[in-house]
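Data first, discussion second: the structure below is written as structure tokens.
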Amino acid sequence: MRKIGLTLLTAIVGGAMALGTYKVFEKDPLEGMTLEERQKVYFASNPSTSNIVSSAGDVDFTQAAAAVTPAVVYIRTTYAASAGRSSGRDPFEEMFGDMFGQRAQPQQRAPQRASGSGVIISTDGYIVTNNHVVANASKVEVTTNDHRTLQAKVIGTDPNTDLALIKVSATNLPIVKLGNSDDVRVGEWVLAVGNPFNLNSTVTAGIVSAKGRNIGILGREEEQSSPFDRSNYQQQQQPRLNKAIESFIQTDAAINPGNSGGALVNTKGELIGINSAIASHTGSYEGYGFAVPVNLAKKVLNDLEKFGSVKRGYIGVSFTELNPDVAQELKISTTNGLYVSELVAGGGAEAAGLQKGDIITKVEGNRVYESSDLQERVGRLQPGDKLHLTVLRNGAEKNFTVTLKGEPAAANRTAAVSKSAEELYNKLGASFQPLTQAQKAKFHLNSGVVVTQVRRGGFFENYEIPEGSIITNINGKPINSTGDIDKAITNLKNGQMTIEGYTSDGMRFRNSFDAQ
């Protein structure tokens, strides 16, 4: 009997030790997954939330609204008086009215505030919003549908698509299921969910009016055209590496100030777009809203989560969108497609055999009518990916396979008491990626993260710490991850922060500054 009891006790102790050892080495099940893979895990475990079916008879949006509303958040941002919002109107406002949030008057010297919306897409706190909602913000607060207020850090931003990824420290959050924007059809019902005029959790309905809209708002800050004025032929002909990607879903669902960054969903409750702009002469809803398609957003957000910036591939061409007027100017008979006006030396198009004067007529077998037909497709790809193009040359169509190249490196590129870790992290104005073991060995380092993005108005821009720099220590503490940065910048002594590292050309630097 005693032997049996001893055996049983040994088994219990052994089982407990095994369980304890497992817990010590247990990894976060979401670690290493893309944001889309995390969604699949969540909805596989919660099938009841993914079976919303739209009414085949009377239109009924109640189930879709109930599924989406809990995961749409209110975002409130704070800007230092000199954070880039102090002179003139925002270029978005000039073209589309003050619809991106309720902003303070620019002449005020006190910290300014703005607001917008965001969509939770991962249970561990990742939220998608617009770049212009959080750009240059020193403090980002998120209020959830159940009235919790959380501090958020900016993981990365992409002005070229007007998207941003932020994160709050929370778990088991409700999320919106990512849909497929390629399946969206003109005329189908959609819902816009956001926080217009500071009115939390507002749902409006409408239809998809058009797809692939290029409205000329991204990267055109210098132009003072009307909301419906398209760039003319002379402006389009200027050779440039096309970076802005516009292929908006147009909807007549009511979108107003504060909706920016909110959800555009179908009647199944699936996210198909991120609301970004309205065409308005008054600053309020006049019938046209525009959303970034979610299939483009997926690639951008995964890159921001993994790298802190977007790894974008380029064809290496400058082109002009054809229409009858342009065709007449160029003395050609073709009125549809993209006229290749310049090739980037050493770019993918040149290597594949494209020539100046070619007309791009198809991408991946699909007919090209507007620049957005090509740009969105390229925007989903990485450097090194292949793209199949059909071009018209001397009256005959030819097929080419282009290997996308990365953006040309800019050797001298510089973008140019206790605060919360999130607020200080945002004030740094940078995004980071851990060094690999191979990189550490190459540079003979024991620790380090590489700067993948420098944002305007932050410490890194002000102290000229460029992209590509390696940060090894903050306040004497080794840095290997963003988590290490959080720990290092919490509870600063006398508000002072010291950052040490190396520039990309091997020059050592050490900067100290007041982080208050």
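Every number in this text was worked out from the coordinates using simple rules, so none of it is lab data. All figures in this text were calculated on a predicted structure; none of them were measured in a lab. Glycine also receives a Cβ, built like all others from the backbone with ideal geometry; neighbour counts cover every protein chain displayed.
To the nearest 0.05, what FRET efficiency results for residue 171 and residue 207 with a Förster distance of 25 Å applied to their C-beta separation?
My answer for the efficiency is 0.10.
Give me the net charge for the shell around residue 276: Cβ to Cβ below 13 angstrom, other residues only, Lys and Arg +1, Asp and Glu -1.
Working: positive: 213; negative: 158, 162, 246.
Taking every Cβ under 13 Å from that of residue 276, the sum is -2.
Estimate the FRET efficiency between residue 355 and residue 441 by the formula 1/(1 + (r/R0)^6), using the beta-carbon distance for r and 45 Å for R0, to the nearest 0.05. Before the final figure, lay out each step's value.
Working: r = 44 Å, r/R0 = 0.98.
After rounding, the FRET efficiency stands at 0.55.
Can you tell me the length gained on complete extension of the stretch residue 464 to residue 490, counting 0.36 nm per residue apart and subtracting the Cα distance?
Details: separation 26, 0.36 × 26 = 9.36 nm, distance 2.29 nm.
Contour length minus the Cα-Cα distance gives 7.1 nm.
Please rank 188, 342, 270, fewest neighbouring Cβ atoms within 10 Å first, as an exposure proxy.
188, 342, 270
For residue 332 and residue 282, what is the calculated FRET efficiency with R₀ set at 45 Å and r taken between the beta-carbons, to the nearest 0.05?
With a Förster radius of 45 Å, E is 0.65.
Provide, as a two-decimal number, the C-alpha radius of gyration of the stretch 317-403 over 2.2 N^0.38 Å, N being how many residues it has. The partial results should precede the final answer.
Working: Rg = 12.2 Å, N = 87, 2.2 N^0.38 = 12.0 Å.
Compared with the compact-globule rule of thumb, the stretch 317-403 sits at 1.02.
Over the alpha-carbon set of the stretch 256-315, work out the extent along each principal axis and list the three values in angstrom, largest first.
Principal-axis extents of the stretch 256-315 (Cα, largest first): 38, 29, 23 Å.
Semi-axes of the stretch 421-514's equivalent ellipsoid from the Cα gyration tensor, sqrt of 5 times each eigenvalue, largest first, rounded to whole Å?
20, 14, 12
Please check which bits of the stretch 452-481 a label hung off residue 508 would reach, taking the label as a point 7 Å along Cα-to-C-beta and the cut-off as backbone N under 18 Å.
Residues 469-479 qualify, since their backbone N sits under 18 Å from the label point.
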